[in-house]
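Report on the structure given below.
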Amino acid sequence: MALDLPILLGTVRNERRSIWVARYVESLLSKRPDVTTRLWDAADLPFGNLVRREWEMTERPDVVDQFVHAMDQADGFVIVTPEYNYGIPGTLKNLIDHLFDEWNRKPFGFITDGAAMGGTRAQDQLRQVIAGIRAISIPTSIPVQWIEKTWDQTGPKTERNDWNSRFDRFFLELEWYARALQRERQDSARSPGPA
Ligand SMILES: Cc1cc2nc3c(=O)[nH]c(=O)nc-3n(C[C@H](O)[C@H](O)[C@H](O)COP(=O)(O)O)c2cc1C
């Protein structure tokens, strides 16, 4: 079965470096057999601070309809985000909060960037948030340490083969969960909610 695995970029900061990672990930993921992907950039989505969730919006821009539809059709997600002050950017939290059913029972993989820790504290936060939307965080994640020194707009500056094989293992695991959950969602898509 084909898998649709969109990438979500979680920052809108001017001169953000995370877009280097997001584009690199998109280039690798789009070459994998039986996988389609697309990079969804928070900067292109009119969400901002949460006022109304997507299903509460009376007038929705076309891009919101397109985004919601794409998330609904997706089998899993890659989040690419920096760590800001030991957490995830508010932009990313708002983006996630605008939807709910579309995330349910689907796997999320995290690729984060930051300084010494490569965004691992943002990953820990994401694991909590993803549980809140009744979805699954895959065990494997990728931290990108010292992005400003080790990457540029073309990708990793050194050890590209090593990076690519780490990404391959990450994709393999995301695909495994996406395939398993896709099969089960065909019977019952929605989570019963918290116990
Ligand atoms: C507001 C802000 C807060 C930051 N806080 C952290 C942090 O808590 N941990 C960390 O490792 N790096 C932190 N950094 C460094 C960023 O993770 C790093 O500069 C990264 O490139 C930022 O991603 P961006 O360029 O896509 O915005 C911070 C950067 C900014 C702008």
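The table for this structure:
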{"quantity": "Looking only at segment 148-193, and only at residues there that are within 30 Å of Arg134 (Cβ to Cβ) and among the basic types (Lys, Arg), the one that is nearest to the ligand (Cβ to nearest atom)", "calculated": "Arg166"}
{"quantity": "Selected residue (criterion: nearest to Ser141 (Cα to Cα)) from residues of segment 161-175 that are touching a Gly at 6+ places or on another chain (Cβ under 9 Å) and among the hydrophobic types (A, V, I, L, M, F, W, C)", "calculated": "Phe170"}
{"quantity": "Within segment 35-143, strands (runs of 3 or more DSSP E) holding 1 or more residues that are within 16 Å of the ligand (Cβ to nearest atom), within 15 Å of Ser18 (Cα to Cα) and among the hydroxyl-bearing types (Ser, Thr, Tyr)", "calculated": "77-82, 107-114"}
{"quantity": "In segment 1-26, the residues that are over 20 Å from Phe67 (Cα atoms) and surrounded by fewer than 22 Cβ atoms within 10 Å (Cβ to Cβ)", "calculated": "Met1, Arg13, Asn14, Glu15, Arg16, Arg17, Trp20"}
{"quantity": "Segment 64-115 - residue that is in contact with a helix residue (DSSP H, G or I) (Cβ under 7 Å, 6 or more places away or on another chain) and among the polar types (S, T, N, Q) and, of those, farthest from Leu29 (Cα to Cα)", "calculated": "Thr91"}
{"quantity": "Qualifying positions in segment 29-53 - surrounded by fewer than 17 Cβ atoms within 10 Å (Cβ to Cβ) and of a type in the set (A, V, I, L, M, F, W, C)", "calculated": "Ala43, Leu50, Val51"}
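No lab work stands behind these numbers, since they all come straight from the coordinates. Every value quoted in this text rests on a predicted model; they were computed, and no experiment measured them. FYI the Cβ positions are ideal-geometry reconstructions off the backbone, even for glycines, and counts take in every protein chain you see.
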